[in-house]
Amino acid sequence: MSLSDTPSAPTAGTPAKRRRWLIALPAVALVLAAAGWSVAWFYAAGRAQTEIDAWIAREATEGRNWSCANRELGGFPFRFELICAEPTVSFTGAGQWSARMARAHAVAQVWNPSHIIAEFQGPARLSEAASGRELVGNWSLLQVSGVGREGRAERLSVAANDYSLAEGGTTLFSARHAELHVRHHPGEAAGTLDIAAGFKGATGIAPGTPVRASMSNAPGTKPAVTAAVTPAAAPAAPTVDAEFEATVTGVPPFRSMPPAQRLALWQMAGGRVKLLQAEVNGGGGALSASGDLGLDALRRPDGKLDLSLVKAQQLFTALASAGLMPDFMANLAPAMMMAGLPANVDGAKASTFPFVFRDGRVALGILPLGKIGPLF
């Protein structure tokens, strides 16, 4: 074989060279995409910081002043995560209320930044500077989910496990699970809200617990603290479940204001509460309600409220034992069952109470019961 018969080396345009480029191109494209994604994420994170600052400024104009002991934004590459240590909000106006928690952790996906899910660590403390009162809330898990648009919340959900609310060491309310859902009613004005709420395994103040001075002090005085009486080996108290669903129209802007002012604005807007369903269950008994209520020009209740009671004695006894009703109310159950109109609810004997509120008077069906004055 002669030297002229030796195969020549591949040139730049040979298939082998092209194959090396085909192998390298995806890697180069991946590096460029990662660099572009990083630039986009950090740009969006900067915008998010600016939006957070703008939201805090808007909230301040509404009477709510938010702050964090330390604020961090992370989550690269696929999420935005905001961690706020010791979040605090103070409310302007009478009472000078403020609230604070241990920690807040909010997360939003890069492809859906308008949907935010947050978890909060307790305890939460709600304080009134004018009187020195302090309410303490705690939980094992507290999650908040919100969907917003143009700086306004469209939907908000709150869920808590093992929730408790206490004052001066006395538990006022606790529930194994509690939920609250609020959304703007589709197709309606901004002031129309759909509200659903409920709790399971709820109890109130333990029967026999003394009322603390902190719950009856005059404004401007410091609450006295008394020792709680803990009964030895007390049997477990019964619990109560409840759920609520309503549509509320004419809701005023959500800014800091006294309750009386909020009610006045709601009344002037012609607001109504369309109670779709409300139910309380305990001890085998049940109370259900529906209706449509508002306030007339003189701020008196106006509308109707239909109540149904099944096994009132069992329900009232459970409510009283759970600390959610005064003990003496349980003794009124037989009289209430007799006062209502006989009915049948899901096959069970019941009493119904069709209350009508009109022109400052309240009636049970066509039977007048008396007068009722302005609510505020």
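Could you name every one of the strands (runs of 3 or more DSSP E) located completely within the stretch 256-366 that has at least 3 residues being within 25 Å of Asp241 (Cβ to Cβ)?
Working: elements: 272-282, 285-295, 301-310, 341-345, 348-358, 361-364.
It comes to 272-282, 285-295, 301-310, 341-345, 348-358.
Given Ser98, Ser140, which one is among the hydroxyl-bearing types (Ser, Thr, Tyr), surrounded by 14 or more Cβ atoms within 10 Å (Cβ to Cβ), modelled with pLDDT of 85 or more and within 24 Å of Phe173 (Cβ to Cβ)?
Details: Ser140 fails: surrounded by 14 or more Cβ atoms within 10 Å (Cβ to Cβ).
Going through Ser98, Ser140 in turn, just one is among the hydroxyl-bearing types (Ser, Thr, Tyr), surrounded by 14 or more Cβ atoms within 10 Å (Cβ to Cβ), modelled with pLDDT of 85 or more and within 24 Å of Phe173 (Cβ to Cβ): Ser98.
Specify the residue that is modelled with the lowest pLDDT; the eligible residues are those in the stretch 321-376 that are at positive phi and not small (Gly, Ala, Ser).
Going through the stretch 321-376, the residues at positive phi turn out to be 323, 346-347, 359-360, 365, 370.
With the extra rule that they be not small (Gly, Ala, Ser), the set shrinks to 346, 359.
Numbers: Asp346: 81, Asp359: 95.
Restricting to residues being at positive phi and not small (Gly, Ala, Ser), the top hit is Asp346.
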- Restricting the search to the stretch 293-306, which residues are surrounded by fewer than 19 Cβ atoms within 10 Å (Cβ to Cβ) and hydrophobic (A, V, I, L, M, F, W, C)? Leu293, Ala297, Leu298
- Item | Lone unmet requirement of (1) touching a helix residue (DSSP H, G or I) at 6+ places or on another chain (Cβ under 8 Å); (2) closer than 28 Å to Thr239 by Cα; (3) surrounded by fewer than 16 Cβ atoms within 10 Å (Cβ to Cβ) for Pro342 | (1)
- Can you name the number of the only condition in (1) more than 26 Å from Trp97 (Cα to Cα); (2) at pLDDT 75 or above; (3) in a helix (DSSP H, G or I) that Phe76 fails? (3)
- Residue satisfying all of: in the stretch 154-173; in a strand (DSSP E or B), small (Gly, Ala, Ser) and in contact (Cβ under 8 Å) with a residue 24 or more places away in the chain; farthest from Ala197 (Cα to Cα) among these: Ala166
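State whether the residues of the stretch 108-128 include one that is more than 20 Å from Ser157 (Cα to Cα), in contact with a Gly (Cβ under 6 Å, 6 or more places away or on another chain) and surrounded by 15 or more Cβ atoms within 10 Å (Cβ to Cβ).
To start, the set of residues in the stretch 108-128 that are more than 20 Å from Ser157 (Cα to Cα) comprises 110-111, 125-128.
In the following step, the residues that additionally are in contact with a Gly (Cβ under 6 Å, 6 or more places away or on another chain) were identified as 128.
Retained after the next criterion (residues that are surrounded by 15 or more Cβ atoms within 10 Å (Cβ to Cβ)): 128.
For the stretch 108-128, residues more than 20 Å from Ser157 (Cα to Cα), in contact with a Gly (Cβ under 6 Å, 6 or more places away or on another chain) and surrounded by 15 or more Cβ atoms within 10 Å (Cβ to Cβ): present.
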- Query: Can you name the number of the only condition in (1) without any contact (Cβ under 8 Å) to a residue 24 or more places away in the chain; (2) over 24 Å from Phe199 (Cβ atoms) that Ala269 fails?
  - Reply: (1)
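The values are calculated or read from the model by the stated rules, or taken from the named source; none is laboratory data. For clarity, every value in this text was computed on a predicted model and none was experimentally measured. A quick note on method: Cβ atoms are made from the backbone with ideal geometry, for glycine too, and the neighbour counts reach across all protein chains shown.
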